[in-house]
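J.: Submitted below is the structure of interest, expressed as structure tokens.
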Amino acid sequence: MDNKQFFINRYKQLGSGFAEIQLKKSLRVNTLKITHEKFVERMTSIGVKLAKINFLQDGYYAESKFSLGAITEYLLGYYYLQEAAAQLPAQILESQANETVLDMCASPGGKTTQLAQLMHNKGTIVAVEQKQHRLEALKSNVERMGAENIIIYRTDVKNLQKSNTKFDKILLDAPCSGNYVTDKSWFQKRDITGIQKSADIQKQLLKTAINLLKTNGILVYSTCSLEPEENELNIQWLLNNFKVELQNTQLKVGDEGLTNVFGRKLSNEIKKCKRFWPHKTSTEGFFIVKVKKC
Amino acid sequence: MLKKFITQFTSEEIVGDFTKVNNEYFVINESLKQIISQIKTKPSFAGIHLGIEKGKTFVPSLYLLQKLCTVSNKKIITDKKGEWMFICGKNIFQKSIIKFAGNNEDLVLVQNEFGECLGYGKITTEKSVQHIFDIGDFLRRER
């Protein structure tokens with residue numbers, strides 16, 4: 001059996017079909033710099049077709065004959081090219097203007113700058129990135145998007161535990177194995193051993209997140225993976241080992257989290273997670289959960 | 001270097017208190033300063049970025065350029081063609097300049113027809129603008 005068929009069989013066992021999809025280009029309007037109305041008017045005037053994405057606060061599908069990553073409007077920070085599902089974690093975190101928020105794996109800054117926008121540049125966002133070359137992209141995007149309430153640290157996020165700082169909200173968009181929609185060679189590159197390694201790293205990040213969160217604080221955990229080892233099984237591990245409760249995301253898009261993973265029964269609470277099968281949501285593969293520390 | 005850069009365009013105090021971190025300048029508000037003092041690690045970036053020293057040159061941030069555009073008279077307005085050329089790192093020819101202010105060798109801010117700041121350059125003897133820095137830098141940094 002080839003690798004692709006192996007993973008498709010897994011998805012079938014998890015109750016899903018499979019289909020290749022063509023991802024639509026999407027973006028997020030930056031309301032720190034421009035209103036929705038002015039943005040639509042401006043982009044339409046230069047020949048860009050926009051369609052509002054109904055499950056997103058600031059997201060649009062965009063069609064154009066030219067690259068949207070090289071025009072004046074992009075360089076001025078009027079929008080960020082961001083996949084639709086990827087706009088959900090910051091949106092459901094619901095960070096407030098008076099809060100201190102941590103973005104644990106911040107680069108290149110799509111969700112970090114989205115947080116700044118949703119907080120109206122108030123409060124504080126601490127953004128962490130370990131690698132120098134990824135740090136430059138993060139700084140560049142923060143500057144371009146006009147975010148003014150962000151502190152960026154180049155460090156391993158677990159080092160933040162050395163200080164007494166605790167956060168009201170944490171966004172953990174964890175490094176993961178990715179998915180076949182955004183990576184055309186995904187089926188050739190991936191195997192279960194690699195996925196499990198990824199899941200183990202994510203567990204450590206989840207543990208750090210819970211340690212850094214205030215009591216009653218909220219964590220949003222997300223991956224762009226469809227593999228339950230990185231998603232539902234990690235959340236079950238979280239429920240088993242920490243005093244946390246899962247929260248309803250209130251999202252009308254996506255499937256419930258899986259409570260039966262290859263014969264293993266999980267907590268009913270896992271249904272509060274959201275899983276995005278590409279052929280159903282027309283997004284990249286994605287997983288998202290909202291967690292409260294008790 | 002920051003103050004010297006600003007005075008080339010305006011005598012107004014447009015920045016207020018700023019902090020230098022390594023070779024970069026920032027405006028950091030009190031709430032960010034409080035978190036920085038708790039975390040006790042030097043940040044790489046904080047608050048509003050004003051610019052960076054690269055050797056003997058000061059490279060302004062988009063925020064600083066836009067702020068300067070609101071107070072300085074040293075600016076030119078370019079048409080769509082000039083705008084595109086400039087953000088690709090090229091000079092702006094006289095025929096693309098809609099509104100001109102300044103003398104030979106002056107530094108000027110470059111705006112498009114919407115009044116948006118695209119960067120800055122230097123006026124040449126041919127009444128064109130020699131490119132120095134533009135917002136296309138965001139893309140070139142990523143290479």
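J.: Where residues in the stretch A:259-292 are touching a Cys at 6+ places or on another chain (Cβ under 8 Å) and not in a strand (DSSP E or B), which of them is surrounded by the most Cβ atoms within 10 Å (Cβ to Cβ)?
T.: A:285
J.: Looking at the structure I just gave you, is residue B:113 open to solvent by 10 Å² or more (accessible area, probe 1.4 Å), within 12 Å of another protein chain (Cβ to nearest Cβ) and in contact (Cβ under 8 Å) with a residue 12 or more places away in the chain?
T.: Values: open to solvent by 10 Å² or more (accessible area, probe 1.4 Å): yes; within 12 Å of another protein chain (Cβ to nearest Cβ): yes; in contact (Cβ under 8 Å) with a residue 12 or more places away in the chain: yes.
Yes.
J.: List the number of the failed condition for residue A:157; all other conditions in (1) more than 11 Å from chain B (Cβ to nearest Cβ); (2) free of Cβ contacts under 8 Å to residues at least 12 places away in the same chain hold.
T.: (2)
J.: Here is a further query. Is at least one residue of the stretch B:79-91 part of a strand (DSSP E or B), modelled with pLDDT of 95 or more and touching a strand residue (DSSP E or B) at 6+ places or on another chain (Cβ under 8 Å)?
T.: No.
J.: In the stretch B:26-42, is there at least one residue being touching a Ser or Thr at 6+ places or on another chain (Cβ under 9 Å), over 25 Å from residue A:101 (Cβ atoms) and in contact (Cβ under 8 Å) with a residue 24 or more places away in the chain?
T.: No, the stretch B:26-42 contains no residue that is touching a Ser or Thr at 6+ places or on another chain (Cβ under 9 Å), over 25 Å from residue A:101 (Cβ atoms) and in contact (Cβ under 8 Å) with a residue 24 or more places away in the chain.
J.: Can you give me the number of residues within the stretch A:69-119 that are in a loop (DSSP other than H, G, I, E, B) and either under 15 Å from the mean Cα position of the chain (by Cα) or not charged (D, E, K, R) (or both)?
T.: 21
J.: So, residue B:70, is that one open to solvent by 50 Å² or more (accessible area, probe 1.4 Å), among the hydroxyl-bearing types (Ser, Thr, Tyr) and either assigned to a loop (DSSP other than H, G, I, E, B) or at the interface with another protein chain (Cβ under 10 Å from one of its Cβ atoms) (or both) or not?
T.: No; evaluated as a whole, the condition is false for this residue.
J.: Additional query: Quick one: which of A:190, A:144, A:154 is closer than 29 Å to residue B:51 by Cα, open to solvent by 40 Å² or more (accessible area, probe 1.4 Å) and of a type outside the set (Gly, Ala, Ser)?
T.: On inspection, the qualifying residue turns out to be A:154.
J.: Could you check residue B:121 against (1) under 14 Å from the mean Cα position of the chain (by Cα); (2) assigned to a loop (DSSP other than H, G, I, E, B) and say which number it fails?
T.: Only one criterion is unmet by residue B:121, namely (2).
J.: Do we have any residue at all in the stretch A:28-35 that's surrounded by fewer than 18 Cβ atoms within 10 Å (Cβ to Cβ) and of a type in the set (D, E, K, R)?
T.: No; the residues of the stretch A:28-35 include none that is surrounded by fewer than 18 Cβ atoms within 10 Å (Cβ to Cβ) and of a type in the set (D, E, K, R).
J.: Still on this structure: Just one of (1) facing chain A (nearest Cβ under 10 Å); (2) open to solvent by 60 Å² or more (accessible area, probe 1.4 Å); (3) within 19 Å of residue B:122 (Cα to Cα) trips up residue B:29, so point out which.
T.: The single condition residue B:29 does not satisfy is (3).
J.: When the stretch A:39-98 is examined, which residues are found to be of a type in the set (Val, Ile, Thr), open to solvent by less than 40 Å² (accessible area, probe 1.4 Å) and within 12 Å of chain B (Cβ to nearest Cβ)?
T.: A:71, A:72
J.: Which one of these is closer than 26 Å to residue A:207 by Cα, at the interface with chain B (Cβ under 8 Å from one of its Cβ atoms) and surrounded by fewer than 24 Cβ atoms within 10 Å (Cβ to Cβ): A:165, A:124?
T.: A:165
The values are calculated or read from the model by the stated rules, or taken from the named source; none is laboratory data. Just so it is clear, the model here is predicted, and its values are computed rather than measured. Virtual Cβ from ideal backbone geometry, glycine too; neighbours counted across all protein chains shown. With ligands, DNA and RNA removed, areas are computed over all heavy atoms of the protein, side chains included. Shrake-Rupley method; radii C 1.70, N 1.55, O 1.52, S 1.80 Å.
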